[in-house]
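The next block holds one structure in the form of structure tokens; read it before the comments.
The values are calculated or read from the model by the stated rules, or taken from the named source; none is laboratory data. Only a predicted model underlies this, so the values are computations on that prediction, with no experimental measurement involved. Here Cβ is always computed from backbone atoms with ideal geometry, including for glycine, and neighbour counts include all displayed protein chains.
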């Protein structure tokens, strides 16, 4: 979706990903550390990060909290059946809400599965989760035919999302796919 | 957690500024010492409050192929099927959810051509239908979990 205003060096980006997959060292100047490892200048590192962010390849350089440790013990996968012609606009609106960690348009499987918009919610209580869901329902209004919320009752397996070129993303919810 | 630590944890979820001297920039924004801020992050990583500190790349734009899939597993077979999926390295996450489709997992493959055969393989070993929910579009989110 983002416009390619400033192309970046893909090979350098690949090395950056490999280098920082385990995280960034907590040094005073992390860009200088990356620059030294990549054998480029600090300015080039900053420019690379900015360009990757602009094009959506880098979300941010940030702290990823453990939901559970912060007290966000409840997660609900809300699913919505909205008209296809409005799905893109409505998905963009849902994604703006602060407790939505992932928001996707996915195919329906009729008749078993009529839902096409998925939004993952995180809350500190079941009541809060229900409130968030109601907030989403109000936002969608009559555009939504029906909805459901699938609450996770057990984590069966949880590993970081890894690729051949190990690029770690926010693999902390199973909807990150 | 005191107010300064709370403010730091909240602010760091939004990301380090991509400018020269990012910790210095954050320090003046929050009125905290850069070194103390980094010590907090180190402590949080050590005690599990944070799972990670670093760049968050969009894997789909970089490499690899992912899909979300679900199955309706009969209750009496749930544990056995769970164990079957545990042996498959391509199953990255697997959650039980309260719905007729009660097992939801993410398949992570190195390339897109491996997704369909992997799903087929799971259908064969479990004898259950697998519903594939590949993302048609990802909406950009700004998750923020204030403490």
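Identify the residue in region B:44-77 that is more than 7 Å from chain A (Cβ to nearest Cβ) and part of a strand (DSSP E or B) and, among all such residues, is modelled with the lowest pLDDT. Here the answer is B:65. Within region A:43-68, being within 7 Å of chain B (Cβ to nearest Cβ) and either modelled with pLDDT of 90 or more or over 18 Å from residue B:41 (Cα atoms) (or both) holds for A:46, A:49, A:50, A:53, A:56, A:57, A:58, A:59, A:60, A:61, A:62, A:63.
Taken over region B:123-147, residues that are outside any strand (DSSP E or B), under 22 Å from the mean Cα position of the chain (by Cα) and within 28 Å of residue B:78 (Cα to Cα) amount to 3. Filtering A:34, A:19, A:26 for residues that are farther than 30 Å from residue A:133 by Cβ, surrounded by fewer than 16 Cβ atoms within 10 Å (Cβ to Cβ) and touching a helix residue (DSSP H, G or I) at 6+ places or on another chain (Cβ under 6 Å) leaves a single hit, A:19. When the test is whether a residue is surrounded by 20 or more Cβ atoms within 10 Å (Cβ to Cβ), without any contact (Cβ under 8 Å) to a residue 12 or more places away in the chain and under 30 Å from residue A:11 (Cβ atoms), residue B:55 passes it.
In region B:64-84, the count of residues that are surrounded by 20 or more Cβ atoms within 10 Å (Cβ to Cβ), in contact with a helix residue (DSSP H, G or I) (Cβ under 9 Å, 6 or more places away or on another chain) and under 26 Å from residue A:96 (Cβ atoms) is one or more.
In region A:23-62, what residues are assigned to a loop (DSSP other than H, G, I, E, B), within 25 Å of residue B:27 (Cβ to Cβ) and under 18 Å from the mean Cα position of the chain (by Cα)? Once the filter is applied, which keeps residues that are assigned to a loop (DSSP other than H, G, I, E, B), within 25 Å of residue B:27 (Cβ to Cβ) and under 18 Å from the mean Cα position of the chain (by Cα), region A:23-62 yields only A:23.
Scanning region B:11-29 for residues that are over 28 Å from the mean Cα position of the chain (by Cα) and in contact (Cβ under 8 Å) with a residue 12 or more places away in the chain yields a count of 1.
Residue-wise test of (1) in contact with a strand residue (DSSP E or B) (Cβ under 9 Å, 6 or more places away or on another chain); (2) closer than 26 Å to residue B:136 by Cα; (3) not assigned by TED's automatic domain parsing to the domain that holds residue A:21.
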{"position": "A:60", "(1), (2), (3)": "yes, yes, yes"}
{"position": "A:68", "(1), (2), (3)": "no, no, yes"}
{"position": "A:82", "(1), (2), (3)": "yes, yes, yes"}
{"position": "A:95", "(1), (2), (3)": "yes, yes, yes"}
{"position": "A:124", "(1), (2), (3)": "yes, no, yes"}
{"position": "A:145", "(1), (2), (3)": "yes, yes, yes"}
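Condition test on residue B:105, is it closer than 20 Å to residue A:158 by Cβ, surrounded by 15 or more Cβ atoms within 10 Å (Cβ to Cβ) and at the interface with chain A (Cβ under 10 Å from one of its Cβ atoms)? Here the answer is yes, as residue B:105 does meet what is asked.
Considering B:41, B:91, which residue is touching a strand residue (DSSP E or B) at 6+ places or on another chain (Cβ under 9 Å), surrounded by 14 or more Cβ atoms within 10 Å (Cβ to Cβ) and farther than 28 Å from residue A:118 by Cα? From the options B:41, B:91, the qualifying one is B:41. For the residues B:99, B:82, the requirement of being at the interface with chain A (Cβ under 7 Å from one of its Cβ atoms) and in a helix (DSSP H, G or I) singles out B:82. Quick check, is residue A:120 within 16 Å of the chain's Cα centre (by Cα) and closer than 27 Å to residue B:83 by Cα? Taking the combined requirement at face value, the residue satisfies it.
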